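The values are calculated or read from the model by the stated rules, or taken from the named source; none is laboratory data. Quick caveat, the model's predicted, so the values are computed rather than measured. All Cβ positions, even for glycine, are placed from backbone atoms using ideal geometry, and neighbour counts span all protein chains on display.
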Amino acid sequence: MRSQVIKSWLRAIRARFLLASVIAVTNGLAIAIWKYGQFDLLYAILTFGGVICLHASVDLLNDYWDYRRGIDSITKRTKFSGGTGVLPGKFLKPKTIYTGGIIFLLLGSFIGVYFVVIRGIAVAIILGFAIAAIYFYSTTIVNVGLGEVFVAAKSTMIVLGSFYVQTGVFEVSAIYIGIIIGVLSASVLFINSFPDYEADGSKGRRTLVILLGKQKASKIFRILIIFPYILVIAGIFLGYTKIYSIVCFVSIPIAVKVINNIQKYYECIDRFVPIMAATVTYARITGIVLAITLLF
């Protein structure tokens, strides 16, 4: 019974998707080491903990509100879309999920407050943005087509915040790398919203796929998935990435697979699942390799 509850909670917080936030923090730490030779282990551990709590919070609250709006009951769930299925399957109660989301939000906020005391007003601004955006993400932000923008901004803030906590200064390279990581994260949310097109639209959600239509969205996505590579190359000349960062191109074969197939199969969920899986793999590999190359 206890193991089932644990599995349900891990499923509810989308444990495997927490890696996106881990990658963002790691890139922030890598820039701090590269640019200033700064690394405080305690600060790093607290940053990882706080960011993971905030990430878990937004996923739990999103699951709760999607269930309340009836989206989860009419969508076809896959490994990457359609919610976690925890609430429709009655593995956990809605109130429990909501309470868990608030608890994780408070835990992440408390860690953030510690850094506000240590680093000052700049962290307070980042933290305030995070708290407000997380709480209103599922009830307001996704209703006006800003979900992908939120995810990109969130990842950028994580990279910048992780860097600032270590160094106490702002650096353009941290923002630049943050944008790369933000685009990678937004691409995952973008692609995963294709199968939920009808269900989301019928309940008032406005993803980019809904606003643009599947055909146009698939064309724009092909550009979006190439954009991080362009930023990496430009960053080498601007001094925001390293020459070693060209190794990020190791994920290009995966990106090409997505580009070649997205317009063919966006209407067929079963054929689309491998495309979503490939996009997640592309984003994770590119983000991890980027962090490693900054430490060369």
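In the stretch 225-241, which residues are closer than 16 Å to residue 286 by Cβ, surrounded by fewer than 18 Cβ atoms within 10 Å (Cβ to Cβ) and not aromatic (Phe, Trp, Tyr)?
226, 230, 233, 234, 236
If the Cβ limit is 6 Å and pairs must be 6+ apart or interchain, which residue in the stretch 97-115 that is over 22 Å from residue 7 (Cα atoms) pairs with which residue that is β-branched (Val, Ile, Thr) and buried (at least 21 other Cβ atoms within 10 Å of the Cβ)?
Cβ pairs passing all conditions: 115/165.
Of all residues being of a type outside the set (D, E, K, R) and in a loop (DSSP other than H, G, I, E, B) in the stretch 245-291, which is surrounded by the fewest Cβ atoms within 10 Å (Cβ to Cβ)? Just the residue, please.
Selected residue: 268.
Can you name the condition, by its number, that residue 116 falls short on among (1) modelled with pLDDT under 90; (2) over 19 Å from the mean Cα position of the chain (by Cα); (3) not in a loop (DSSP other than H, G, I, E, B)?
(1)
Can you name every one of the helices (runs of 4 or more DSSP H) wholly within the stretch 134-217 that holds 2 or more residues which are modelled with pLDDT of 95 or more and crowded, with 24+ Cβ neighbours inside 10 Å? Working first, answer last.
Values: elements: 147-167, 172-192, 197-202, 208-212.
The qualifying helices (runs of 4 or more DSSP H) are 147-167, 172-192.
I'm trying to understand the selection: among the residues of the stretch 41-73, which are surrounded by fewer than 17 Cβ atoms within 10 Å (Cβ to Cβ) and either closer than 19 Å to residue 99 by Cβ or in contact (Cβ under 8 Å) with a residue 40 or more places away in the chain (or both)? Explain how you work it out, then say what you get.
Step one: filter the stretch 41-73 for residues surrounded by fewer than 17 Cβ atoms within 10 Å (Cβ to Cβ), giving 41-42, 45, 49, 68, 70, 73.
Hits for the stretch 41-73 are 49, 68, 70.
With 14, 2 as the choices, which residue is at pLDDT below 95 and within 19 Å of residue 147 (Cα to Cα)?
Values: 2 fails: within 19 Å of residue 147 (Cα to Cα).
Within the list 14, 2, the selection yields 14.
Write out, first by first residue and then by second, each pair whose Cβ atoms fall under 6 Å of each other, whose residues are 6+ apart or on separate chains, and whose first residue, in the stretch 205-229, is closer than 16 Å to residue 272 by Cβ while the second is outside any helix (DSSP H, G or I) and of a type in the set (Ser, Thr, Tyr).
Note: pairs meeting the criteria are 207/193; 209/193; 214/266; 218/266.
Of everything in the stretch 42-73, what is within 16 Å of residue 192 (Cα to Cα) and outside any helix (DSSP H, G or I)? Give them in sequence order. Spell out how you get there, then give the answer.
The initial filter retains those residues of the stretch 42-73 that are within 16 Å of residue 192 (Cα to Cα), namely 59, 62-63, 66, 71-72.
Once the filter is applied, which keeps residues that are within 16 Å of residue 192 (Cα to Cα) and outside any helix (DSSP H, G or I), the stretch 42-73 yields 71, 72.
Hey, could you check the stretch 1-30 for residues that are among the small types (Gly, Ala, Ser) and within 13 Å of the chain's Cα centre (by Cα) and say which is surrounded by the most Cβ atoms within 10 Å (Cβ to Cβ)? Steps first, please.
Of all residues in the stretch 1-30, those among the small types (Gly, Ala, Ser) come to 3, 8, 12, 15, 20-21, 24, 28, 30.
Cutting the leftovers down to within 13 Å of the chain's Cα centre (by Cα) gives us 15, 20-21, 24.
Details: 15: 14, 20: 23, 21: 24, 24: 29.
Going through the qualifying residues, I end up with 24.
Suppose the filter is outside any helix (DSSP H, G or I), of a type in the set (A, V, I, L, M, F, W, C) and farther than 26 Å from residue 93 by Cβ; does residue 39 pass it? If you could, list the steps in order and put the result at the bottom.
Values: outside any helix (DSSP H, G or I): yes; of a type in the set (A, V, I, L, M, F, W, C): yes; farther than 26 Å from residue 93 by Cβ: yes.
Spelling it out, residue 39 is indeed outside any helix (DSSP H, G or I), of a type in the set (A, V, I, L, M, F, W, C) and farther than 26 Å from residue 93 by Cβ.
Would you mind stating whether residue 122 is assigned to a helix (DSSP H, G or I), surrounded by fewer than 22 Cβ atoms within 10 Å (Cβ to Cβ) and modelled with pLDDT of 90 or more?
Values: assigned to a helix (DSSP H, G or I): yes; surrounded by fewer than 22 Cβ atoms within 10 Å (Cβ to Cβ): yes; modelled with pLDDT of 90 or more: yes.
Criteria met by residue 122.
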